[in-house]
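Read the structure below first, then the notes.
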Amino acid sequence: MSRPGFVLEVDERTPPLLIHQGEGFRLENLPLGSKVIYGPDPLPGLRDVNAAIRHALLHPHGMEPLPELLKPGMKLTIAFDDISLPLPQMQTPDIRQRILEHVLELAARKGVNDVELVAANALHRRMTPSELKRAVGERVFRAFFPEHLRNHDAEDKDNMVHLGKTDHGEDVELNKRAMESDLLIYVNINLTPMSGGPKSVSVGLAGYNSLRHHHNSHVLKHSRSFNDPPNSAMHHSYNRMADLLGGHVKVFTIETSVNSESFPSAMGFLNKREWEWNLKDQASYLAVKRANEMLPTKMRRKVWQSQYAPYKMTGINAGAPSEVHPLTMAKVHEQQRVEVNGQADIGIFGVPFICPYNVNSIMNPILVTSMGLGYQFNMYLNKPIVRQGGVGIFYHPMPNEFHPVHHPSYIDFFEEVLAETTDPAQLEAKYEKQFATDEWYIHLYRNSYAYHGVHPFYMWYWASHAMDHLGDVIFVGADRKTAARLGFRTATTLGDALEMAKHTVGSSPEISYLHMPPLTLADVR
């Protein structure tokens, strides 16, 4: 049995604590009395993954066993989570590969010949052939690519279908092939509480016409948090769309959860609590840090992107999405949830090197904002770890650097839109549609490997709740000019940041540090 998460109160015996800062990390001494929120230790993985997959397919929840749903002559579409999950990328064989091989074997036995595999990338960039091969495995790739294994294309108007509107007037427009199939199977990797369930199909296979209803500044500002679906306006919209979807296509979902082993053994100290580091861990820390700092930027980035996580599958369930997802959520909470008493005046977050949108790429300043003020700030149930009007202190160097192929519209968003306003509602009203319908951005999304033109807006909205909640945002170690464009202040050291925060929260603030990665969900009471 793994140890639960807990909250450490910093005292004289507490060693310096590790804080991530992009493609690097540092040890930091936090003020006495600060709270440090640690997630639970990694849960044990399933002993026999193949047996667990077979059992899930043959004993689903709320639906017939998968073999009974497969018929000769049927049209079968299998969608799967794209490269944004899991993070970091997992060691091979990928969970998706293992599940797909079982599903396709059952389909072949039943004489199902019309099978299409679709990466559910919504408005994300397309996965490259090598990325697809890594996710689905060599055997599946060779059998299906390129004719029957492809990326979802939300701008292929001939292959999108409008199913109608929800009772809130939200358009539901999804992948036509999937919606016209006799059976849609969705293969999911549930890394956070915001993923899976109604989100999988209604987001992963959607286009701008649908996504604009829940990926906007108003909905994101009122999703508190988007990792707490009952209190998330975004998930309420997903639910309404999923209700409409149910009348058009039968969905057999396969959801999985993984443990928190985020780093390989060479970086094992990153998975440990600092006072439990042995001599080997201490030596590894010094060696990795020194080598990391000596590397040129491109090489350092490549090294970090090559650190594949040794995640172990902790659960798999299949069947009706409404019955499967609660089981998945329970497992995710078991791995990530930790109770925290009360909010602090200051919340500290170390922004790591990876987020869902910079796999094999660059975490540009917009993505740093999305990761810190979006994903990490929202890793809570009930209340944020920092009080209304408090201060968020984030660590990241935030260089003014963008991937020109993956993020072309981000560059224009940074240079043109944020130069005028950082207010999510204002920039949404004035610029979103222009970027969303720009023919050049659409061309790059469809034919190159670019995120859709509207994507930087979504990433900015992702931080709406934090921007509204916090009285001040300070980035430690960030490029001053870049942070200023985003509307954030910078500090060289934690001491400087705490001194700056006095003007907002006084001279004796309570401080909480959300120690992650690995992912930790603070249940704040």
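Helix content alone sets the calculated 222 nm mean residue ellipticity of the chain: runs of n ≥ 4 DSSP H residues at -39500 (n - 2.57) each, divided across all residues, give -9500 deg cm²/dmol.
For 48, 156, the ranking by accessible surface with the largest value first comes to 48, 156, using a 1.4 Å probe. Computed from the alpha carbon atoms alone, the convex hull of segment 1-156 holds 188 Å³ per residue.
Within the shell of other residues whose beta carbon sits under 15 angstrom from the beta carbon of residue 242, the net charge comes to -3, with Lys and Arg scored +1 and Asp and Glu -1. Looking at segment 49-258, what % of its DSSP beta bridges pair antiparallel, to the nearest 5? Given both bridge residues lie in segment 49-258, the antiparallel proportion sits at roughly 25 percent.
Proximity of backbone amide H atoms, modeled 1.01 Å from N, is registered between residue 344 and 386, 387 at under 5 Å, excluding neighbours fewer than 5 places apart on the same chain. For residue 68 and residue 401, FRET efficiency with R0 = 45 Å and r from the beta-carbon atoms, rounded to 0.05? Between residue 401 and residue 68 the formula returns 0.30.
Across 298, 383, the residue with the most accessible area heads the list, and the full order at a 1.4 Å probe is 298, 383. The stretch between residue 138 and residue 250, if pulled fully straight at 0.36 nm per residue, gains 37.4 nm over its current Cα-Cα span.
Against the chain, whose longest principal axis is taken from its Cα atoms, helix 49-58 shows a tilt of about 50°. Kirkwood radius and radius of gyration were both taken over the C-alpha atoms of segment 49-258, and their ratio Rg/Rh is 0.95. Kirkwood radius, the chain, all distinct C-alpha pairs, inverse of mean reciprocal distance: 23.5 Å. For the pair residue 266 and residue 27, a Förster radius of 25 Å applied to the C-beta separation gives a FRET efficiency near 0.85, rounded to the nearest 0.05. Normalising the Debye intensity of segment 205-286 to I(0), with uniform scatterers on Cα atoms only, and taking log10 at q = 0.12, 0.17, 0.21, 0.25 Å⁻¹ returns -0.64, -0.80, -0.98, -1.18. With N counted as the residues of segment 247-383, its alpha-carbon radius of gyration over 2.2 N^0.38 Å works out to 1.30. For the listed residue pairs 221/433; 302/331; 221/383, the alpha carbons are over 23 angstrom apart in 302/331. Taking all Cα pairs closer than 8 Å and separated by 6 or more residues, the relative contact order of segment 49-258 comes to 23 percent. A cut-off under 11 angstrom between Cβ atoms defines the neighbours of residue 58, and their net charge, with Lys, Arg +1 and Asp, Glu -1, is -1.
Over all pairs of different C-alpha atoms in segment 42-124, the reciprocal of the mean inverse distance, the Kirkwood hydrodynamic radius, equals 14.5 Å.
Amide H contacts under 5 Å for residue 381: 522, 523, 524, restricted to partners 5 or more places along the chain or on a different chain, H placed in the peptide plane at 1.01 Å from N. Computed 3J(HN,Hα) for segment 102-110, one whole-Hz value per residue from the Karplus formula 6.51 cos²θ - 1.76 cosθ + 1.60 where θ = phi - 60°, is 5, 5, 5, 5, 5, 4, 5, 4, 8, glycine and proline marked x.
Other residues lying with their Cβ under 12 Å from the Cβ of residue 86 contribute a combined charge of -2, Lys and Arg counting +1, Asp and Glu -1. Shown for segment 358-433 is the translational diffusion coefficient from the Stokes-Einstein equation, using the Kirkwood radius over Cα pairs, a temperature of 10 °C and a viscosity of 1.306 mPa s: 111 µm²/s.
For the set 71/176; 75/165; 199/250; 75/176; 272/312, the pairs lying more than 19 angstrom apart at their alpha carbons are 71/176; 75/165.
Set the Förster radius R0 to 51 Å, insert the Cβ-Cβ distance between residue 446 and residue 13 as r into 1/(1 + (r/R0)^6), and round the FRET efficiency to 0.05. The computed FRET efficiency comes out at 0.35. In whole percent, and with a 1.4 Å probe on the protein chains, what portion of the accessible area of the chain is carbon and sulfur? For the chain, the apolar C and S fraction of the accessible surface comes to 51 percent. For residue 6 and residue 130, the difference between the fully extended length at 0.36 nm per residue and the C-alpha to C-alpha distance is 40.6 nm.
Treating the angle as unsigned and between 0 and 90°, give the value, to the nearest 10°, between the Cα long axis of helix 494-505 and the longest Cα principal axis of the chain. Result, in degrees: 90. Helix 279-294 and the long axis of the chain differ in direction by around 90°, with both axes built from C-alpha atoms.
Computed over protein heavy atoms with a 1.4 Å probe, the accessible surface of the chain works out to 39 Å² per residue.
You can think of it this way: the chain between residue 489 and residue 147 has 118.1 nm of extra reach, that is 0.36 nm per residue less the Cα-Cα gap. Computed over protein heavy atoms with a 1.4 angstrom probe, the accessible surface ordering of 26, 3, 480, largest first, is 480, 3, 26.
3J(HN,Hα) along segment 243-258: 4, 5, 4, x, x, 10, 8, 7, 10, 10, 9, 10, 10, 10, 10, 10 Hz, from the Karplus curve 6.51 cos²θ - 1.76 cosθ + 1.60 with θ = phi - 60°, whole Hz, x for Gly and Pro. Karplus-based coupling profile of segment 395-403, in residue order and whole Hz: 10, 5, x, 6, x, 7, 9, 10, 7, with θ = phi - 60° in 6.51 cos²θ - 1.76 cosθ + 1.60 and x standing for Gly or Pro.
The values are calculated or read from the model by the stated rules, or taken from the named source; none is laboratory data. Computed from a prediction, not measured in an experiment: that's the story for all the values here. Cβ: placed from backbone, ideal geometry, glycine included. Neighbour counts: every protein chain shown. Surface accessibility is based on the protein's heavy atoms, side chains included, excluding ligands, DNA and RNA. Shrake-Rupley method; radii C 1.70, N 1.55, O 1.52, S 1.80 Å.
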